[in-house]
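Asks: Structure provided below as C-alpha cells; questions to follow.
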Amino acid sequence: MPTAVIAAENLVKAYKVKGKPDFVAVDGLSFDVAPGESFGLLGPNGAGKSTTMKMIGAVSTRTSGGLSILGLDPDQYGPEIRSRLGVVPQQDNLDGELNARENLYIYGRYFGLSSKACHEKADELLAFAALEDKAKSKVDALSGGMKRRLTIARGLINDPRILLLDEPTTGLDPQARHVLWDRLFRLKERGTTLVLTTHYMDEAEQLCDRLVVVDKGRIMAEGTPASLIREHSSREVLEVRFGSDRNQQVAGNLEGIGDRVEVLPDRVLIYTDSGERALERVVAGGLEPITSLVRRSSLEDVFLRLTGRSLIE
Ligand SMILES: Nc1ncnc2c1ncn2[C@@H]1O[C@H](COP(=O)(O)OP(=O)(O)O)[C@@H](O)[C@H]1O
Ligand SMILES: [Mg+2]
C-alpha cells in the first residue's frame, strides 16, 4: 500500500467551554487516506466532522493524538500544508461583491501565482465548474449549486493533491447535487485525493471508495460502502406502514419475519434476504400494511444499526 497522504492516530479535539468542563468533539479518531482515494466521514450533525476537517486543513490545532498531512505535522508545517491543500468549507466564504472570475483570480494571487497564471487558471476552472457564462456575474446573484461549484473551483486554484470538502451538497436541490457529483467524479478520475464529509448516505455511497461512520466524535465502523452494508445489514429491507399509531403495536407480530425488525415513528423496517418473501409472510399473518416497499440495504441502515438513530433527524 502506498504511503498515506493523511494519517490520523487517536486524534482528539476538546473545545474549551466557559464555566464548564472541556467539550470533546473528536474523541480518538484513527484513519489513513491513501493517495488518489476518495475517503468520507459519514455522520449526523454534531458528529465532529467539521472539527476533524479543520484539523486536517491545518486551521485548527489538535488537543492530542497524531496527525500527518502529506507527511507533515500540521503543528509545525501549517503554511506548507495549507498551500498544498484545496479546501471547500461547510459555509461558502466567497466574496459576494466580486464576480465569479474575480473570486478565482484573487484567490490565485493570494496563493502567490503570477497574474498571467491566475488569468489562465481562472478560465480553466470556470470551464471545469461549468460556469463560463457566469464569469462576470456577481457571486451574490449565483444559485446555491453554482456557488458551491465556484468554491470547488477556487479550492483547485493551487493544483492541490488533496481536496477537502465539508458537506459539499448540503442544502442543494437534487439536480444541483447531481451536477456537483459529476464534477467530483471528474476530479476522482484525474487522481485527486478527495476527503469529504456528509450526512447523506447516498452521497457517501456515490462518492466514497472508503469511509468511516462517525457519531459523537468516535468511529463506529469503517470500510467500503458495500462492505459496510454487507457487514452490518441484510441484503434487502422491507418497509411497511400501518399508520402512525399502529406501527409500534403491530411490530411485535412481525418478530421472526426476517433477521431483524426496526420500528421507526412512521414505518417498520424488516431486514431480510428477500423482501418479497417477507412481505408474503406479513400478509399471510393477517396483517395488511397501508404501503409496502422492498429496497436494497443502504448506509442509512448501517447507521441505524450501529447507533439506533437515523442520520438525519
Ligand atoms: N468552537 C467550538 N466550541 C465549542 N464547541 C464546538 C465548537 N465547534 C464545534 N463545537 C461542538 O462540537 C461538536 C462537533 O461539531 P462539528 O465538528 O461542527 O460537527 P459536524 O460537522 O459533524 O456537524 C458539536 O457538538 C458542536 O456543537
Ligand atoms: Mg459540519
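Asks: Please work out how much length the chain gains when fully extended from I312 to A117, using 0.36 nm per residue of separation minus the C-alpha to C-alpha distance, in nm with one decimal.
Replies: In short, 65.9 nm is gained.
Asks: Let me ask something additional. Using a basic spin-label model with each label point 7 Å from the Cα along Cα→Cβ, how many nm lie between A284 and A14?
Replies: So the label points at A284 and A14 sit 5.7 nm apart.
Asks: Sort 19-26, 256-263 for me by packing, meaning the mean count of neighbouring Cβ atoms within 10 Å per residue, highest on top.
Replies: The packing order, highest mean first, is 256-263, 19-26.
Asks: Given the options K136, K54, K188, state which has the largest fluctuation in a GNM of the chain using a 10 Å cut-off (strictly under) for Cα springs.
Replies: So, out of K136, K54, K188, the one fluctuating most is K136.
Asks: Please go through the residue pairs K147/K216; K49/K188; K20/K49 and name each one whose alpha carbons sit more than 27 Å apart in this structure.
Replies: K147/K216
Asks: Go ahead and set up a Gaussian network model of the chain, Cα springs under 10 Å, then flag whichever of L164, L211, L287 fluctuates most.
Replies: Among L164, L211, L287, the largest mean-square fluctuation in the Gaussian network model of the chain belongs to L287.
Asks: Tell me, what HN-Hα J-couplings in whole Hz come from the Karplus equation 6.51 cos²θ - 1.76 cosθ + 1.60 at θ = phi - 60° for each residue of segment 40-57, using x for Gly and Pro?
Replies: x, 10, 10, x, x, 4, x, 6, x, 5, 5, 4, 5, 4, 5, 5, 5, x
Asks: Given a 10 angstrom Cα cut-off, can you work out which residue in R281, R230, R148 is the most mobile in a GNM of the chain?
Replies: Of R281, R230, R148, the Gaussian network model singles out R281 as fluctuating most.
Where a number appears in this text, it was derived from the coordinates with a stated rule and is not lab data. These numbers come from a predicted model, not from an experiment. For neighbour counting, all protein chains shown are included, and Cβ atoms are generated from backbone atoms with ideal geometry for every residue, glycine included.
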